[in-house]
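The values are calculated or read from the model by the stated rules, or taken from the named source; none is laboratory data. The shown structure was predicted, so the numbers you read here are calculated from the model rather than taken from an experiment. Note that we place each Cβ from the backbone using ideal geometry, even for glycine, and neighbour counts take in every protein chain shown. Heads up: the accessible areas ignore ligands, DNA and RNA and are worked out on the full protein's heavy atoms, side chains in. Shrake-Rupley method; radii C 1.70, N 1.55, O 1.52, S 1.80 Å.
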Amino acid sequence: MSHAVPAVIDTRLYPFLADPVAVARRRFGVGPLEVARLRREYLERAQYRLERAIRSAQAPGPWRSLEEEVLSFYYAALAASLSGNRWLVSRLALAEANRAYKLLSDEKDEAVAHLGRLVGLRSLSYGNGYREPVALVQGVPVYKVYPYSMSLLEYLHAAKRLVGDDAWKPINLPVKKGRVYLEKQSVVRVVKEAVTEYVERRILALGEEAGPEAAEALSSLLDHVKKLLSERQRPRTRGGRVELPRGVVVEEAFPPCIADLAARARGGEHLSHHERFALATFLLNIGADVDYVVGYFRNMPDFNERITRYQVEHLAGLRGSGKKYRVYSCEKMKTLGICKADCGTRSPVAAYYQRLRALARKGGLGASRPGHDIQGKS
């Protein structure tokens, strides 16, 4: 592991690494909750931090002072945790990770590796990298340099949401003696994943450690958070079903695998590439239109309207080759670890129509459910 220059991390840029109690006491002589009562502008900064996270998954700043950054992050994180809204926790973590990602691109290599280790990538190192020969020009070899490396096992955990893309699979990267070698751009992206998890854990821990005085000190901020969340939530269900322009999707008929994915997506959890593909193609193949499929992903912390819509339209056959993608077979779902029960069918779509027929026999679908042929497909 090579560190020619000691890495220094500016916690004003990465406030999730700082101790808010130490910062408050060093600057003001009291704890951070007392500062919140005395310096309302820090609560205003926290409010803006939460607004930006909710609306665009981006953290503002960096601001001028360490106190502004560390305390506004602390109040925002505490409010998110005390709200009990897991989506907000994940969204704030993603916003902080998105800002860190932009800042890290301009950091020195040693600082990138050091910050990575601070957020859990303990095997990440810079120096002693790998040179891969890629061409021969007039008899002189040309190399591609991978200056960073980390444990393959740690990489697989940190990049678990990325490896659905071939470019991130270890088979397409230099791997030697249990270590994977990476370029800076790739390392910064993996560090962003680690920062997201680190900040989310930190936010949840702050809520667990907080006493009743925290909610009192942040009461105005918590009220504002509730208002923000209420404004962004639009009812999408009625009687346990999602209503669609081209029919009704009956959630009670979802097979266990899809019910799990749908609940997790709406709850704001991260889904892997394969899980997102399975959920989107299932919905499209039972008659959901693009708008409503996009809606299922709206609570995801990394939701981007433009990108999600493009991807769903591609799966629906409205872009590219015009091919409409089918949902994975049950066998494939088992291989990917997404299957939750043996439904005795070949695909989740077949299981869905099987369950619809069972509900119809029991009278569970009511007298009229336009848009679905209850006989379905087998």
Pairs under 8 Å by beta carbon, first residue among the small types (Gly, Ala, Ser) in segment 218-242, partner open to solvent by less than 60 Å² (accessible area, probe 1.4 Å) and at pLDDT 90 or above, six or more apart or different chains?
Ser220/Leu43
Determine if segment 127-141 includes at least one residue that is within 28 Å of Phe277 (Cβ to Cβ), touching a Ser or Thr at 6+ places or on another chain (Cβ under 8 Å), in contact (Cβ under 8 Å) with a residue 40 or more places away in the chain and of a type outside the set (D, E, K, R).
no
Selection within segment 221-248 - loosely packed, with under 13 Cβ neighbours inside 10 Å and modelled with pLDDT of 90 or more
Asp223
Based on this model, can you work out whether Glu213 counts as open to solvent by 10 Å² or more (accessible area, probe 1.4 Å) and either more than 26 Å from Glu51 (Cβ to Cβ) or part of a strand (DSSP E or B) (or both)?
no
Entirely in segment 282-378, the helices (runs of 4 or more DSSP H) that have 3 or more residues that are under 20 Å from Phe254 (Cα atoms) and at pLDDT below 80:
348-361
Among what's in segment 306-326 and is without any contact (Cβ under 8 Å) to a residue 12 or more places away in the chain and within 15 Å of Val293 (Cβ to Cβ), pick the residue that is surrounded by the fewest Cβ atoms within 10 Å (Cβ to Cβ).
Arg306
Residues of segment 269-291 classified as open to solvent by 10 Å² or more (accessible area, probe 1.4 Å) and of a type in the set (Val, Ile, Thr), total
1
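Let me confirm something: among Glu197, Glu209, Glu216, which residue is out of contact with any helix residue (DSSP H, G or I) (no Cβ under 7 Å at 6 or more places or on another chain) and closer than 30 Å to Asp291 by Cα?
Glu197
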Boolean, Leu115 is part of a loop (DSSP other than H, G, I, E, B), over 14 Å from the mean Cα position of the chain (by Cα) and surrounded by 22 or more Cβ atoms within 10 Å (Cβ to Cβ):
no
Within segment 281-298, work out how many residues are out of contact with any strand residue (DSSP E or B) (no Cβ under 7 Å at 6 or more places or on another chain) and under 24 Å from Asn85 (Cα atoms).
6
